[in-house]
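Encoded as structure tokens, the structure appears first; notes follow it.
The values are calculated or read from the model by the stated rules, or taken from the named source; none is laboratory data. Note that the structure is predicted; figures quoted are calculated from it, not measured. Note that each Cβ is placed from the backbone with ideal geometry, even for glycine, and that neighbours are counted across all protein chains shown.
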Amino acid sequence: GAGVSQTPSNKVTEKGKYVELRCDPISGHTALYWYRQSLGQGPEFLIYFQGTGAADDSGLPNDRFFAVRPEGSVSTLKIQRTERGDSAMYLCASSPRGTSEAFFGQGTRLTVV
Amino acid sequence: AQSVTQLGSHVSVSEGALVLLRCNYSSSVPPYLFWYVQYPNQGLQLLLKYTSAATLVKGINGFEAEFKKSETSFHLTKPSAHMSDAAEYFCAVSYYGNNRLAFGKGNLVVVI
């Protein structure tokens, strides 16, 4: 499998709980992005990593959301004290250095009940 | 700020008929433009992209799009719709030096 891999594919959690969503990008891709897609909407940017550092985290909605990429490959999106409004499809994408083309994973559908 | 407008959330097209999905963008600098397709319960797949080369861009599955700077548009077309084209289509914009994509709301294409 050479594509972007996201796990789990589905996650149901109770309001107030903590969740982690994982993204495994295409090998060698230096850029990694997280997007959130609500029902009937286009994806909305959350955060962008170039290597290990977050180059742009301006899309994170509040301080309950945090993402890491400690070794410049796998990334984890962490959501604390989940709320029902966090329910959405969370998409991860990666790009090779120097290109504008993003390759998307199949997403994690998060449902907060 | 960059943004994308896609009008008409649902588009019905007869099999064999022309598919036309409209996309208009606003960007303060020359844009990079993309069309993505999303099949049910799947991630986004790139159909085609414009990155300041030829203004008429050909993509996968018989789709093409034309960049028109004077109209700030990047409409997607396919001459003859097939049942397998039923999916949601998203237009997106970014620009050099800023890798984040700004997406439109999408068009859900139904082939009848």
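For A:Phe65, state whether it is free of Cβ contacts under 8 Å to residues at least 40 places away in the same chain, more than 9 Å from chain B (Cβ to nearest Cβ) and not polar (S, T, N, Q).
The answer is yes for A:Phe65.
Is at least one residue of the range A:13-22 within 12 Å of chain B (Cβ to nearest Cβ), over 29 Å from B:His10 (Cβ atoms) and touching a strand residue (DSSP E or B) at 6+ places or on another chain (Cβ under 9 Å)?
no
Name the one entry in B:Phe34, B:Phe90, B:Phe63 that is in contact with a Lys or Arg (Cβ under 6 Å, 6 or more places away or on another chain), among the hydrophobic types (A, V, I, L, M, F, W, C) and under 24 Å from A:Gln50 (Cβ atoms).
Matching residue, one of B:Phe34, B:Phe90, B:Phe63: B:Phe34.
If you check B:Asn107 against the conditions, is it at pLDDT 95 or above and of a type in the set (S, T, N, Q)?
yes
Let's see how each residue does on (1) farther than 20 Å from B:Phe34 by Cβ; (2) touching a helix residue (DSSP H, G or I) at 6+ places or on another chain (Cβ under 9 Å):
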site: A:Leu39; (1), (2): yes, no
site: A:Pro43; (1), (2): no, no
site: A:Gln50; (1), (2): no, no
site: A:Pro70; (1), (2): yes, no
site: A:Glu83; (1), (2): yes, no
site: A:Asp86; (1), (2): yes, no
site: A:Pro96; (1), (2): no, no
site: A:Thr99; (1), (2): no, no
site: A:Val112; (1), (2): yes, yes
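Out of (1) in contact with a Leu (Cβ under 7 Å, 6 or more places away or on another chain); (2) over 30 Å from B:Gly8 (Cβ atoms), what's the single condition that is false for A:Ala88?
It is condition (2) that A:Ala88 fails.
Within the range A:72-86, is there a residue that is modelled with pLDDT under 95 and either touching a Cys at 6+ places or on another chain (Cβ under 8 Å) or among the charged types (D, E, K, R) (or both)?
no
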